[in-house]
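Mind looking over this structure? Questions follow.
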Amino acid sequence: MSSTPIGIHDISFATTSLVLDLGVIATRMGIDPQKYYSGIGQVEMSVPARDEDIVTLAANAALPIVERHGRDRIRTVIVATETGIDQSKAAAVYVHRLLGLGENCRAVEFKQACYSATAALQFAAAMVQRDPQQQVLVIATDVARYDLQSSGEPTQGAGAAAMLVAADPAIIALEPVTGLYTEDIMDFWRPNHRDTALVDGKTSIRAYLHAIEHAWQDAQRQGAPGFEQIDYFCYHQPFTVMAVKAHRHLVKIAAAAASSAQVDAVLEPSLIYNRQVGNSYTASMYIALVSLLDNVAQLDGKRIAFLSYGSGCVAEIFTGVVQPGYASHLRTAAHAAALQGRTAIDDADYLARHAQTQPTDAGAHPAPHETTGHFRYAGLSGNKRLYEATPARSDSAS
Ligand code: CAA
């Protein structure tokens, strides 16, 4: 076995062009906005424009990575999502074309609720271990959608995180030991005929805590670093208070000593972006990582634990060590611009967008140009989804 470190060589995130303040939903529902702002820890949620979806989010997140590192060594692109746009064709194939990746590259989609990007990362690390010259592009991308007036409505959102997995990584070296847990449970799911998820909210919270507990115990049996050897914790964040609940639970089962202030201090930097993006399902833990990297100085040599949960359910816990000099590879200004550049919408606009469904006939259904991103969903024609670079991008590229 090779001892070359393998891990995250670059990471970038993208979100939508629109944003909704959760106070708008609270006002419509006639409840105290503090229930959202502090009770579940969500301030805003990203809302897709009519020409944005998981493919455009994924391509927007990954474009800066391929522009920085080139495309030649990428022989695999994995798109992880639970917002599938086709029952057969992988979203990764569309993303592959939009990014201009070479034809000698495999493209595939992974699914297991909010966990799938973690599976993709582990598969990617194994592929790079087999051939350290190759790089794998892993992109987590999701649009979280629940029914209006449901308890899940304030926990929607959308975003994508792209990672280049490589040998001798510039940002995070993954450690090999992981803890695993799988159980067949119906806490959250989306049947094929629905475009909104079904969830039993309270069951899902209990299932998340149970799965993390069992994955942690497995990790410890496998020889993973103990609680006291970990500097920061990045959780899946369907809403940011969930990470706080999970960390308090972990402190208890690890029999660790941590005051509330210590829990807050260790988690807070990882919560900043997701409070504004909302739930991005499988991208959320990786957006939490970006938030941590962008908002804490001098993480060199620090060990981060990743606690990944996907309803249904699968959990995996693993660790990684931040590499010396990582800070010069971050994209903090671009991430701030992505969040600040979103246009606020009102409730009527949000409700109209939420009510919109995909046409089911074979006619031409062009999408209006709304996105501020580099790529857009141009519409549906003959039952085929059409994607293109935005005119500004095409002009600058030509
Ligand atoms: N001011 C401050 N806090 C307030 C408040 C106020 N005015 N009113 C209520 N709160 C607090 C409550 O006390 C509660 O805090 P605790 O959890 O600490 O008790 C919190 O706000 C939420 O209140 P409720 O429990 O009454 O909220 P709810 O029943 O409306 O729903 C939810 C909360 C279950 C998370 C719901 O948003 C939901 O179903 N979300 C979707 C499911 C989900 O995200 N599950 C997470 C685990 S599953 C997973 O992780 C996979 C995935 O991505 C979906």
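Counting only residues that are assigned to a helix (DSSP H, G or I) and not hydrophobic (A, V, I, L, M, F, W, C), which one in segment 311-341 is surrounded by the fewest Cβ atoms within 10 Å (Cβ to Cβ)?
S328
Among the candidates T27, T15, T83, which residue alone is at pLDDT 95 or above, of a type in the set (V, I, T) and surrounded by fewer than 18 Cβ atoms within 10 Å (Cβ to Cβ)?
Exactly one residue qualifies, and that residue is T27.
Let me ask another. Taking the condition of a type outside the set (A, V, I, L, M), free of Cβ contacts under 8 Å to residues at least 40 places away in the same chain and surrounded by fewer than 24 Cβ atoms within 10 Å (Cβ to Cβ), does K252 pass?
On the way: of a type outside the set (A, V, I, L, M): yes; free of Cβ contacts under 8 Å to residues at least 40 places away in the same chain: yes; surrounded by fewer than 24 Cβ atoms within 10 Å (Cβ to Cβ): yes.
Answer is yes for this residue.
Would you check if A338 is within 23 Å of the chain's Cα centre (by Cα) and assigned by TED's automatic domain parsing to the domain that holds Y94? Steps first, please.
Values: within 23 Å of the chain's Cα centre (by Cα): yes; assigned by TED's automatic domain parsing to the domain that holds Y94: yes.
For A338, the condition - within 23 Å of the chain's Cα centre (by Cα) and assigned by TED's automatic domain parsing to the domain that holds Y94 - is met.
For residues that are surrounded by 15 or more Cβ atoms within 10 Å (Cβ to Cβ) and either assigned to a helix (DSSP H, G or I) or not assigned by TED's automatic domain parsing to the domain that holds M242 (or both), tally how many sit in segment 207-230.
Of all residues in segment 207-230, those surrounded by 15 or more Cβ atoms within 10 Å (Cβ to Cβ) come to 207-220, 224-225, 227, 230.
Among the residues that remain, those that are also either assigned to a helix (DSSP H, G or I) or not assigned by TED's automatic domain parsing to the domain that holds M242 (or both) are: 207-220, 227.
Of the residues in that region, 15 qualify.
Sort out which residues of segment 141-185 are part of a strand (DSSP E or B) and out of contact with any helix residue (DSSP H, G or I) (no Cβ under 8 Å at 6 or more places or on another chain), and write them in order of number.
A173, E175, P176, T182
Of the residues in segment 368-395, how many are in a loop (DSSP other than H, G, I, E, B) and more than 25 Å from E67 (Cβ to Cβ)? Show your work before the answer.
Taking segment 368-395 and keeping what is in a loop (DSSP other than H, G, I, E, B), we get 368-374, 382-383, 390.
Remaining after also requiring more than 25 Å from E67 (Cβ to Cβ): 368, 382-383.
Matching residues across segment 368-395 total 3.
Restricted to segment 193-221, and to residues that are within 22 Å of R145 (Cα to Cα) and of a type in the set (D, E, K, R), which residue is nearest to the ligand (Cβ to nearest atom)?
Per the stated criteria, the residue is K202.
Can I ask one more? State all residues of segment 231-245 that are surrounded by fewer than 23 Cβ atoms within 10 Å (Cβ to Cβ) and closer than 23 Å to D184 by Cα; if no residue qualifies, say none.
The one that is surrounded by fewer than 23 Cβ atoms within 10 Å (Cβ to Cβ) and closer than 23 Å to D184 by Cα: K245.
Look at T15 and say whether it is under 30 Å from P324 (Cβ atoms) and either among the aliphatic types (A, V, I, L, M) or under 24 Å from the mean Cα position of the chain (by Cα) (or both).
Criteria met by T15.
Continuing with the same structure: Taking A224, is it modelled with pLDDT under 95, more than 16 Å from the ligand (Cβ to nearest atom) and of a type in the set (A, V, I, L, M)?
It is false that A224 is modelled with pLDDT under 95, more than 16 Å from the ligand (Cβ to nearest atom) and of a type in the set (A, V, I, L, M).
For the structure I just gave you, tell me whether A305 is hydrophobic (A, V, I, L, M, F, W, C), outside any helix (DSSP H, G or I) and under 23 Å from E228 (Cα atoms).
yes
Out of segment 101-113, which residues are more than 14 Å from V138 (Cα to Cα) and either part of a loop (DSSP other than H, G, I, E, B) or in the same structural domain as A315 (by TED's automatic domain parsing) (or both)?
Across segment 101-113, the qualifying residues are G102, E103, N104, A113.
For segment 167-192, enumerate the residues that are small (G, A, S) and either within 18 Å of I304 (Cβ to Cβ) or within 16 Å of the ligand (Cβ to nearest atom) (or both).
Within segment 167-192, A170, A173, G179 meet the criteria.
Shifting gears a bit: Could you grab the pairs with beta carbons closer than 8 Å, sequence gap of 6+ or different chains, first residue in segment 148-167 and closer than 11 Å to L57 by Cβ, second one part of a loop (DSSP other than H, G, I, E, B) and charged (D, E, K, R)?
As it stands, the answer is A158/E52, since those pairs meet every condition given.
The values are calculated or read from the model by the stated rules, or taken from the named source; none is laboratory data. What you see is a predicted model; the values in this text were computed from it and never measured. Reconstructed Cβ throughout: ideal geometry from the backbone, glycine too, with neighbour counts over all protein chains shown.
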